Amino acid sequence: MKVFNGFLFASTLCASAVFAGPKATFKSTTFDCGKVIEGKINLIHAEFVLSNTGDKPLKIINVRPGCGCTNVKFDSTVAPGKSMTIKSDVNIKGYHSGPLSKSISFTSNSEVDPTVRLVIQAEIVAPVKVSERFIRLESIPTKSPHVVDVVSLKKDLIISGVTFKMHQQNSNDTWQSDLPLDIKYKLLPFDSTSADGTIFRYKLQMFSPELKGAYYGDFTIKTNNPDMKELVVQGLITGS
């Protein structure tokens, strides 16, 4: 019985030694910023709560963002039983609609998991978005309009103009190609909404001008949405 007790005592000492020292424990290693309107704000904020659940001071060796658009603020030491918050800002200026994920590498003197990957997530939502990343208008062999879907966060969406600007001027063009060319269009009333009633879908008809040759450039679609007054989409106009 004494041998057993001695063995049990030794085992307890070994277990204590294993878990002795500083230990970094995060409340969560992922921070979800939710949905962010494209172009409305430039910075999103994230916070990670870190606790030292060990019995010795936790020293932060390095907190390194995955890219230059992410900044972090943190304390260099966390006392046993104490907590601190790692604060981070991500500059999303210029980012377009879609999922966003940024990582931060955390390194400390923790006895368990000294290196931890922190993740910042967000969903960037465009106030107005067209269904095509490349618009192609053809004046031959048909005069039928080209139709693109337009998704808007506003029910009363208005398109106030559509223009086309060439990437490179051509002296043989039938119009001054260094100037925008007006494109005839028609916005049809919205035909559907999302299940939660926050997204509205429209049809935009675009009519090709009568030109000779092929022209690469940018289509600019002007809207009444203050968060996205213009959409610029690359495209091609093919004439006879």
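Given that just one value was derived from the coordinates, which of (i) 19.0; (ii) 18.6; (iii) 22.6 is Kirkwood radius over Cα pairs in Å? Only one option fits the structure, namely (iii).
Ordering V78, S103, V162 by Cα displacement along the dipole of the chain toward the positive end leaves V78 in first place; charges were set at the Cβ atoms of Lys, Arg (+1) and Asp, Glu (-1). Each part reduced to its alpha carbon centroid, region 111-131 and region 181-235 end up 30 Å apart. Each of V116, F207, S192 was placed along the dipole of the chain (beta-carbon charges, centred on the mean Cα), and the one lying farthest toward the positive end is V116.
Based on DSSP loop calls and a cut-off of at most 16 other Cβ atoms within 10 Å, the longest stretch of the chain free of exposed trypsin sites (Lys or Arg not before Pro) is what?
Longest stretch, sites excluded: 156-211.
Relative to the Cα centre, the charge distribution of region 22-125, modelled as +1 at Lys and Arg Cβ and -1 at Asp and Glu Cβ, gives a dipole magnitude of about 160 debye. The charge dipole of the chain, taken about the Cα centre with unit charges on the Cβ atoms of Lys, Arg (+1) and Asp, Glu (-1), comes to about 500 debye, rounded to the nearest 20. For region 128-238, a crude dipole built from +1 on the beta carbon of Lys and Arg and -1 on the beta carbon of Asp and Glu, taken about the Cα centre, is about 180 debye to the nearest 20. Both radii come from the Cα set of region 128-238: Rg as radius of gyration, Rh as Kirkwood radius; their ratio Rg/Rh reads 1.00. Using the structure shown, list the pairs from K93/K203; K73/K129; K35/K73; K87/K154 with a Cα-Cα distance above 31 Å, or answer none. Result: K73/K129; K87/K154 exceed 31 Å.
Helices in the chain, meaning DSSP H runs of at least 4 residues, each add -39500 (n - 2.57). Divided by all residues, the mean residue ellipticity at 222 nm is -2500 deg cm²/dmol.
Read the figures in this text as sums done on the coordinates, not as results from a lab. Here the structure is a predicted model, which means the values were calculated and not measured. Cβ: placed from backbone, ideal geometry, glycine included. Neighbour counts: every protein chain shown.
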